[in-house]
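Working notes, beginning with the structure itself.
Read-outs: derived from the displayed coordinates by stated rules, not from any lab. Just so it is clear, the structure is predicted and the values come from calculations on it, not from any experiment. Using ideal geometry, Cβ is built from the backbone for each residue, glycine included, and neighbour counts are taken over all protein chains shown.
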């Protein structure tokens, strides 16, 4: 595995930890985007955190893993066997969708790609916990009283990773 | 406690279980709405499920309890002492915001009143799990690709309870 | 439902909340014990908290419910339909065995009847959280360095409920 | 980071994942044991999974990390900052002791060193889930009806790692 510590001799904990979130049933164009984001994260030496399953999660994992990166998959099921084949480290929660908040909490920034209601729950948790959210063609929302949604919207994978890395605390 | 079984001699499990969700820091007008919703739920003999803390949760609990209803508070903290004083039954999760999904899963329908990002996470989970969501001046959202958000929007407390009771499975 | 507030006009929150824990596949004699414990809890006006499933959980629920008590079932599954028929209020966690700690945290004292490894995890959590554990023919354990296990062992259902009620904080 | 895939070119997922569990307040001799276990796990190219905090968790993490291994810390708190300094990858649950089951579920075998009640809860979950438990001076227990506790007891760190690696499914 080729993940290098951010500083020579320093702890891996100093590598950025970026979550990529998105749905299992995403269309092809979003999967391509997710794979590019994964590749770019590996190039920038960041650790990819995701829900460990298929769709956007698998595409991002594949991009990251094939570029030599490290992929943490925080699984909803009760078995590590359920992880997509590109997950380096399966974390097995057995909590179903209850694991969404752990994906978010474990990251320093979140990249949301498209997304289902599960993805929306993760975006909401990230904003609640003040973790930066970078959006690629994802949810738009507002309260009736009209606040902005605080998602940083970008146009491509490279910009997403760039913004995620600079936005983390 | 005056909660009556839905059918004479039948199990309490047949009483409706309706979640009321909303933020701690809600403005006065939303608190009044929440209290009315709680009162109406008790009148209709439904069990109120909520996050057990202050703001919208406490106002709804007060309305329900004062009208003789039963309030289940699913707490984020590690102590039953943290429940608002109108909670009949504190469920102590110690899971922080991770408990949001339990509030939603335990209900047959959800009434969202205003709301913060925590509330948005609960709405998202409910829609993900196909539990009906009734909205009183709450979040509006859409995907970039433009789907509707499937929230049933109503204008007052009575309509909210009416729709929640008829929408549950 | 005949649960009376502990003090006239006072909150139901003042009723004792006692967890009964034990395995699904318990032998007949333990099921009889569990049912008696449930009955006795209802007579003493305590709320029964349990895991909501079969075996010891169902026997205790039946005893409590048939004597007019209130039963909270904290379920491991994703559906309220999975609760045993005596549960008054299903709390649906979707967390599998991860819900064990919530059963324990929500109680003021725990009565352990026989038990599998799942029960042992609950006893351990209770002792960790300094919640009193009353044991009816349950696990015996010690560290190699030889400490006692701090379970209060009793001989029958009545004594178990008596000790649980007096031990709660 | 020097963790090598188990087979050249193969996935890191093929590296063994072994949990080390034990208490924060362990005596010095147990900390030495834990550090040796961590070192031995790194030498055998296994990934160490632990609760990420101090005491036995930190000693095992230090041994593993200093020998070039990878340490996953599944934290009870809400911040990655709370991890001990040898954790490579913090997983932030915010679930308190509720995270214990995730530590266990994510491992193929568990090495228990000494231990508090929290450790006992983890041993119980492992046995419940049929994950092998190797014990170094840890809990001894039995049901009143007298079953054995199914822990494989060993005398030193090397034997513990050897048995954990051979016992995993």
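Per-residue Cβ neighbour counts within 10 Å put D:77, D:93 in the sequence D:77, D:93, beginning with the fewest.
Within the protein assembly as shown, the proportion of C-alpha pairs whose separation exceeds 45 Å stands at 20%.
Each residue in C:79, C:106 was given a count of other beta-carbon atoms within 10 angstrom of its own, and listing them fewest first yields C:79, C:106.
Note on chain B: helix-only mean residue ellipticity at 222 nm, from DSSP H runs of 4+ residues weighted -39500 (n - 2.57) and normalised by residue number, equals -10000 deg cm²/dmol. Expressed to the nearest 5 percent, the antiparallel share of DSSP beta bridges inside the protein assembly as shown is 5 percent. The value of relative contact order for the stretch D:16-167, using C-alpha pairs under 8 Å at least six residues apart, is 24 percent. For the peptide D:14-20, the mean number of other protein chain Cβ atoms found within 10 angstrom of a residue's Cβ is 1. For the stretch B:15-167, what log10 I(q)/I(0) values come out of the Debye formula at q = 0.11 1/Å, with one point per alpha carbon and no solvent? Result of the Debye calculation: -0.34.
For the segment C:46-52, counting C-beta atoms of other chains within 10 Å of every residue's C-beta and taking the mean gives 1. Run through the DSSP bridge list for the stretch B:15-167 and note the antiparallel percent, rounded to the nearest 5. Among the beta bridges of the stretch B:15-167, antiparallel pairing accounts for roughly 0 percent.
Going from the residue with the fewest nearby Cβ atoms within 10 Å to the one with the most, C:128, C:65 rank C:128, C:65. Peptide A:112-124 has a mean of 6 when you count, residue by residue, the C-beta atoms of other protein chains within 10 Å of its C-beta. For the stretch D:81-158 versus the stretch B:81-98, the inter-centroid distance based on Cα atoms is 28 Å.
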